[in-house]
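Quick one: this structure, given as structure tokens, is what I'll be asking you about.
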Amino acid sequence: IPIVKIILTEDKDYLPATSYVEYRWISKGYVDSVPFYVYDDRYAIITFDADLPKITVIRSRVIASAFLRQFHSMWDKATPLNKIQKKPVRG
């Protein structure tokens, strides 16, 4: 059973983890390129300024709950990986 849910845009073919992750794809029109994570009472945003990523973590049950609801809304719109025919990843 997957313990991590990840939404990718349809232009991404690389899936580094498959045994513990459930992937879905969504149109790039629905999302921006600022990844976020929601876990427990934390909401984390990752930005890639300059050469180093910057991670901002907000510890708030209210904020984490709000973004978790947003994630589930996008998750419901996204297409499960097994329903999409993608070309093979070339190494």
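The values are calculated or read from the model by the stated rules, or taken from the named source; none is laboratory data. The shown structure was predicted, so the numbers you read here are calculated from the model rather than taken from an experiment. Don't worry about glycine lacking a Cβ; one is built from the backbone with ideal geometry, like all the others, and counts go over all protein chains shown. The protein model used for the area step is the full one, side chains on, heavy atoms only, and it has no ligands, DNA or RNA in it. Shrake-Rupley method; radii C 1.70, N 1.55, O 1.52, S 1.80 Å.
Residue-by-condition table, conditions (1) open to solvent by 80 Å² or more (accessible area, probe 1.4 Å); (2) out of contact with any strand residue (DSSP E or B) (no Cβ under 9 Å at 6 or more places or on another chain):
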| position | (1), (2) |
| --- | --- |
| Y20 | yes, no |
| I26 | no, no |
| V31 | no, no |
| Y39 | yes, yes |
| P53 | no, no |
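While we're on this one: With respect to V57, determine if the residue is open to solvent by less than 80 Å² (accessible area, probe 1.4 Å) and either over 13 Å from the mean Cα position of the chain (by Cα) or modelled with pLDDT of 80 or more (or both).
yes
Still on this structure, I have one more. Look through region 4-16, keep the residues that are open to solvent by 60 Å² or more (accessible area, probe 1.4 Å) and within 18 Å of S73 (Cα to Cα), and return whichever of them is modelled with the lowest pLDDT.
Once the filter is applied, the top-ranked residue is E10.
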